[in-house]
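First the structure, in the form of structure tokens, and then the observations on it.
Nothing in this text is a laboratory measurement; each read-out follows from the coordinates by a stated rule. Everything numeric here is computed off the predicted structure, so don't read it as measured data. Positions of Cβ are backbone-derived with ideal geometry, glycine not excepted, and every protein chain shown enters the neighbour counts.
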Protein chains: 2
Amino acid sequence: MADVAALAGVSHQTVSRVLNDHPSVSAKAREQVLRAITQLGYRRNLAARTLATGNSRVIGVLVSTTSLSGPSGAMLAIEENARTNGYWVSMGSLQVGSRDEVIEVAHHFIDQGVDGVIAVAQTQSAVDATLEACSQLPTVLVTSGTVPDGCFTVDIDQHGGAQQAMTILRGLGHTRIAHVSGPAGDLHAAARAAAWRESLPAAERERALVVTGDWSAQSGYQAALALQALDHPPTAVFAANDRMAYGVLRAAYEAGAHVPRDLSVVGFDDIEGSDCTIPPLTTIRQNHDALGAAALQLLLEAIRHEPVRRVKIPPEPVFRASAGAPVS
Amino acid sequence: MADVAALAGVSHQTVSRVLNDHPSVSAKAREQVLRAITQLGYRRNLAARTLATGNSRVIGVLVSTTSLSGPSGAMLAIEENARTNGYWVSMGSLQVGSRDEVIEVAHHFIDQGVDGVIAVAQTQSAVDATLEACSQLPTVLVTSGTVPDGCFTVDIDQHGGAQQAMTILRGLGHTRIAHVSGPAGDLHAAARAAAWRESLPAAERERALVVTGDWSAQSGYQAALALQALDHPPTAVFAANDRMAYGVLRAAYEAGAHVPRDLSVVGFDDIEGSDCTIPPLTTIRQNHDALGAAALQLLLEAIRHEPVRRVKIPPEPVFRASAGAPVS
DNA sequence: GCGATTCATGTTAACGTTAACACAGCCCAC
DNA sequence: GTGGGCTGTGTTAACGTTAACATGAATCGC
């Protein structure tokens with residue numbers, strides 16, 4: 001702040017006034033200060049501000065673990081492990097996921113003086129923006145995106161998990177396996193779809209059946225309807241997540257098709273409730289707890305400047321009743 | 001800290017050393033300092049510590065909105081609204097939910113200098129512990145528990161929602177309505193069960209059918225099995241949440257019972273996927289977004305010392321296909 | 001028994017911000 | 001034209017902690 005004041009030719013208090021929108025600042029002084037701020041890339045220190053004012057502009061949110069599962073479980077696992085290691089968590093969520101939003105949140109973390117950042121990035125642009133904004137900070141990326149060397153990364157092995165799903169189906173004897181994929185641009189959706197395609201015999205990849213959904217059960221239902229209307233419907237469907245698999249199950253039921261006799265279905269995620277679909281869903285479980293724990297472990301290593309490491313969490317197949325041998 | 005030093009008869013630096021486990025402190029001085037700390041209820045100011053050391057023991061976690069739903073959605077709604085009002089969120093989760101744990105987290109918030117606290121309390125003991133630990137701070141409780149007057153409170157109207165479920169079922173003509181309840185001690189479970197019981201004719205309350213589950217689909221499945229084994233099984237089931245309703249649906253299907261012809265099922269929550277169960281689930285939707293938004297709004301009012309207010313968010317019925325008239 | 005080392009403690013000065021006060025210079029009203 | 005109020009600015013002193021250095025006492029080795 002002293003640097004800014006010197007460059008702008010005013011006192012540090014005037015800089016403070018500009019920062020706090022105090023009315024008594026001349027337009028000229030304000031402009032000079034703002035220019036100096038951008039020129040120097042100055043960011044105010046929130047710890048000092050909190051100390052001086054007595055209020056932090058931070059609120060605490062207390063939540064109970066039991067109410068959260070799935071990807072939010074990863075966040076809780078991070079928090080839990082952070083606490084046992086003497087750290088606390090400041091949260092920033094992305095509504096839009098735009099570059100600007102990522103940068104806004106990252107800057108806040110820096111202002112606050114965080115010791116490190118864990119970013120769960122679902123799109124490549126979020127990955128890129130995080131890398132840009134957090135370059136000075138120990139950072140762990142939780143993502144399936146492409147990341148330059150020298151970054152700590154954790155991920156559930158999406159590709160491997162999808163391969164497991166396909167192995168199950170092909171092992172059962174299916175050859176005509178359709179895919180209900182997640183939305184375009186989503187990294188998980190892309191990884192799962194890629195593994196599905198690769199596990200098909202080269203000859204079949206051209207006429208491979210894929211319908212794009214948006215992760216919702218309803219979109220899975222619509223996809224299944226589209227698949228049913230084909231001349232040669234598939235004998236099995238690999239849905240990119242459990243919710244879309246629910247939709248496939250429902251469409252089959254309503255069409256009078258028996259699962260797994262007439263159609264096999266495999267999902268991905270193993271969300272709560274998937275053990276009691278009709279029939280119980282065969283799926284690939286993602287271990288979000290392990291993901292969160294690994295993310296925190298890596299961040300601690302990053303903070304201690306230990307060598308860069310990447311972790312892949314293996315998903316595991318859950319065999320239930322929705323996949324069986326095709327009727328020849 | 002100066003007070004502690006004075007009371008212990010040492011310098012403030014010695015107090016600092018005790019706090020940071022510095023080796024060079026005599027046992028006697030340490031003991032005196034610790035006694036003074038507890039006697040005065042001293043807590044160290046983290047903003048000052050961060051300012052002096054340059055590290056905050058806080059990590060930032062960036063998550064994307066899309067990955068979270070349900071109760072975690074409430075947290076994200078809080079975060080989103082906080083951000084648009086110039087606040088940031090510090091998170092503390094409860095693994096055990098014990099009194100000590102609540103107090104630990106609350107103390108951290110105080111140390112950190114938060115401007116207010118929102119506590120999502122699922123048990124009465126969590127409510128009580130929060131009230132005790134946060135008495136000095138603007139606080140909003142998100143809970144269905146009993147709270148003394150003079151507290152800001154937000155809640156989804158559990159009782160009203162359960163009444164809606166029963167109104168649907170009774171309106172359809174059902175008289176023998178069983179309840180699959182949530183676990184004992186859970187405030188939501190208690191409120192839903194109470195509303196169910198009250199909506200029964202007085203004469204039937206004695207022999208009312210209730211089976212206690214643990215929110216899991218599997219427990220709903222087991223409950224439905226128990227209900228099926230009765231001499232006079234119910235014609236309808238009100239499940240305290242959607243996942244347990246999934247289990248009821250599955251048990252009915254496996255027993256060859258058609259839903260809703262042979263059995264009507266109503267859930268509670270409207271979780272993602274409930275639109276594609278077999279058949280699609282009639283349920284009561286909880287609006288977690290509105291809950292989070294209201295919680296933040298109230299906290300802002302609490303921070304501004306505006307008059308105490310309580311908000312109840314009305315849940316809304318979602319009519320789908322799992323409830324119908326009983327076959328007479 | 002004397003210098004060198006360790007230990008326990010105190011003193012002073014940061015850390016980066018805002019609050020409180022002081023002080024010009026200006027305008028306005030009487 | 002003089003006193004009282006605004007406006008813009010600077011100076012000084014907090015805020016509560018830790019780091020760096022200084023000091024005095026006790027211990028050790030030879």
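Cα centroid separation, region B:78-132 to region A:252-304: 31 Å. Taken along the Cα-to-beta-carbon direction at a fixed 7 Å, the label points for residue B:228 and residue A:225 span 3.1 nm.
How large is the dipole of region B:158-286 about the Cα centre if only Lys and Arg carry +1 and Asp and Glu carry -1, each at its Cβ, rounded to the nearest 20 debye? Please report the intermediate quantities before stating the final value.
Values: 10 positive and 13 negative charges, 57 e Å.
In total the dipole reaches around 280 debye.
Given charges of +1 on the Cβ of Lys and Arg and -1 on the Cβ of Asp and Glu, with all other atoms neutral, how large is the dipole of the protein assembly as shown about its Cα centre, in debye to the nearest 20?
Numbers: 50 positive and 64 negative charges, 154 e Å.
So the dipole magnitude of the protein assembly as shown works out to roughly 740 debye.
Loop-resident GluC sites (Glu not before Pro) (DSSP state other than H, G, I, E or B) in region B:178-282 with no more than 15 further Cβ atoms inside 10 Å of their Cβ: B:206.
FRET efficiency for the pair residue A:24 and residue B:96, taken as 1/(1 + (r/R0)^6) with r the Cβ-Cβ distance and R0 = 56 Å, rounds to 0.60. Across the copies of the chain, residue A:198 has label points (7 Å from Cα along Cα→Cβ) spaced 5.9 nm apart, shortest distance listed first.
Shielding of A:208-219 by partners, i.e. mean partner chain Cβ atoms within 10 Å per residue? Intermediate results must be reported in sequence, preceding the final value.
Numbers: counts 0, 0, 0, 0, 0, 0, 0, 3, 4, 7, 5, 1.
Partner-chain Cβ atoms within 10 Å, mean over residues of A:208-219: 2.
Across region A:259-328, the relative contact order, built from alpha-carbon pairs under 8 Å that are at least six residues apart, equals 50 percent.
How big, on average over all directions, is the shadow cast by the Cα convex hull of the protein assembly as shown, in nm²?
Details: hull surface 141.8 nm².
Across all orientations, the protein assembly as shown yields a mean hull projection of 35.4 nm².
Judged by the gyration tensor of its Cα atoms, with axes a ≥ b ≥ c, region B:158-286 is rounded; a/c sits under the 1.5 cut.
Treating only the Cβ atoms of Lys and Arg (+1) and Asp and Glu (-1) as charged, compute the dipole magnitude of chain A about its Cα centre; round to the nearest 20 debye.
Details: 25 positive and 32 negative charges, 90 e Å.
Rounded to the nearest 20 debye, it is 440 debye.
Measuring between their Cα centroids, region B:30-45 and region A:223-237 lie 71 Å from each other.
Could you order the peptides A:127-140, B:213-226, B:45-58 from most to least packed, using the average number of other C-beta atoms within 10 Å per residue?
The most tightly packed comes first, giving B:213-226, A:127-140, B:45-58.
Rg then Dmax, both in Å and based on the Cα atoms of chain B: 25.1, 85. Taking amide H as placed 1.01 Å from N in the peptide plane, the amide H of residue A:212 sits under 5 Å from that of A:181, each at least 5 places away or on another chain.
Counting only other chain Cβ atoms within 10 Å of each residue's Cβ, the peptide A:98-108 averages 2. Could you tell me which of A:241, A:291, A:308 has its Cα farthest along the dipole of chain A towards the positive end, charges placed at Cβ (Lys, Arg +1; Asp, Glu -1), taken about the Cα centre? After comparing all options, I get A:308. Within the listed set A:308, A:265, A:102, the residue fluctuating most in the Gaussian network model of chain A (springs between alpha-carbon atoms under 10 angstrom) is A:308. If you fit an axis through the alpha-carbon atoms of helix A:124-133 and take the longest principal axis of the Cα set of chain A, what angle between them do you get, 0 to 90°, nearest 10? Value to nearest ten degrees: 20. Here residue B:306 yields copy-to-copy label distances, from shortest upward, of 4.9 nm, the label point defined as 7 Å from Cα along Cα to C-beta. In this simple spin-label approximation, residue B:125 and residue A:170 carry label points 7 Å from Cα along the Cα→Cβ vector, and these lie 5.2 nm apart.
Placing unit charges on the Cβ atoms of the charged side chains and taking the dipole of chain B about its Cα centre, the candidate lying farthest along the positive direction among B:191, B:225, B:201 is B:191.
Where only DSSP H runs of four or more residues are counted, the protein assembly as shown gives -13500 deg cm²/dmol as its mean residue ellipticity at 222 nm, each run worth -39500 (n - 2.57).
For region A:181-221, the spread of Cα coordinates along the three principal axes comes to 31, 21, 12 Å, biggest extent given first.
Inter-copy label distances at residue A:261, shortest first and taken from points set 7 Å along Cα to Cβ: 1.8 nm. Inter-chain Cβ neighbour count for A:263-274, averaged per residue, equals 3 (cutoff 10 Å, partner chain atoms only). Projecting the Cα atoms of A:319, A:154, A:274 onto the charge dipole of chain A, computed from C-beta unit charges around the Cα centre, puts A:154 farthest toward the positive end.
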